[in-house]
Amino acid sequence: MKTIICRHCDMVSHVPNIPSGYVVKCIRCDSVIYKKSWCNPSGLLAMCLTALILLVPAFYYPLISTHLLGITEGTNLLQGALMMIDNAPVVAFVVLFCAVIAPTLLISSIALSSACLAFNYHPSYLPKILKITYFIRHWSMLEVYMVSLMVAIFKLMNDVDLYFGVGFYFFIALLLLNLTIISNYNHHSYWEKYINE
Ligand SMILES: [Zn+2]
């Protein structure tokens, strides 16, 4: 039986062996202190590699195209962020970081740590990768970008003809895969595998 300190209230709890898909909650503050996910490192590695392939068309192909006065123009995620650099550089950087850099780093770091654990290879840099994963997962905000994109689409659709580009469908697929990866990634379990195996 292992012991875990609750990150929210510092309560020390013993964690029993639980089946996959179950969580352990703190008896004092009811926060989730441990979860046992369905997916093992091999499954997460497969999902991360698929997500890394999806990143390219999701970022490269146009998300939406606008048709105004006989001119059709498509914009992809990178162009959308770079367009704001002159007028709002801070916003452009935040969009680039949270919608492009952080998700790419997060998926890459989970893929790397999953590959190491799946093949039972424990390099000295693996703890650094796990720490980067823990830090960067709070900054990966593909879903926030999606919500803001939908708001922009609903506001613009009355004034111009809007079409969803190929990149939009790749982005939806990437978003769903990213959410599945994050919900199945278990930070505690990866550290345990690194220390015990
Ligand atoms: Zn607690």
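Below are the figures for this structure:
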read-out	value
Residues satisfying the stated conditions in the stretch 138-168, i.e. open to solvent by 70 Å² or more (accessible area, probe 1.4 Å) and outside any helix (DSSP H, G or I)	HIS138, TRP139, MET157, ASN158, ASP159, ASP161, TYR163, PHE164
Check on VAL95, in the same structural domain as TYR185 (by TED's automatic domain parsing), assigned to a helix (DSSP H, G or I), of a type outside the set (Lys, Arg) and free of Cβ contacts under 8 Å to residues at least 24 places away in the same chain	no
Number of positions in the stretch 177-197 that are more than 22 Å from ALA51 (Cβ to Cβ) and β-branched (Val, Ile, Thr)	1
Only one of SER124, SER108 that is of a type in the set (Gly, Ala, Ser) and in contact (Cβ under 8 Å) with a residue 24 or more places away in the chain	SER108
Qualifying positions in the stretch 51-71 - closer than 25 Å to ALA118 by Cα and buried (at least 16 other Cβ atoms within 10 Å of the Cβ)	ALA51, LEU54, LEU55
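The values are calculated or read from the model by the stated rules, or taken from the named source; none is laboratory data. Computed from a predicted structure; not experimentally measured. Glycine also receives a Cβ, built like all others from the backbone with ideal geometry; neighbour counts cover every protein chain displayed. These area figures cover heavy atoms from the full protein model, side chains too; ligands, DNA and RNA do not enter into them. Shrake-Rupley method; radii C 1.70, N 1.55, O 1.52, S 1.80 Å.
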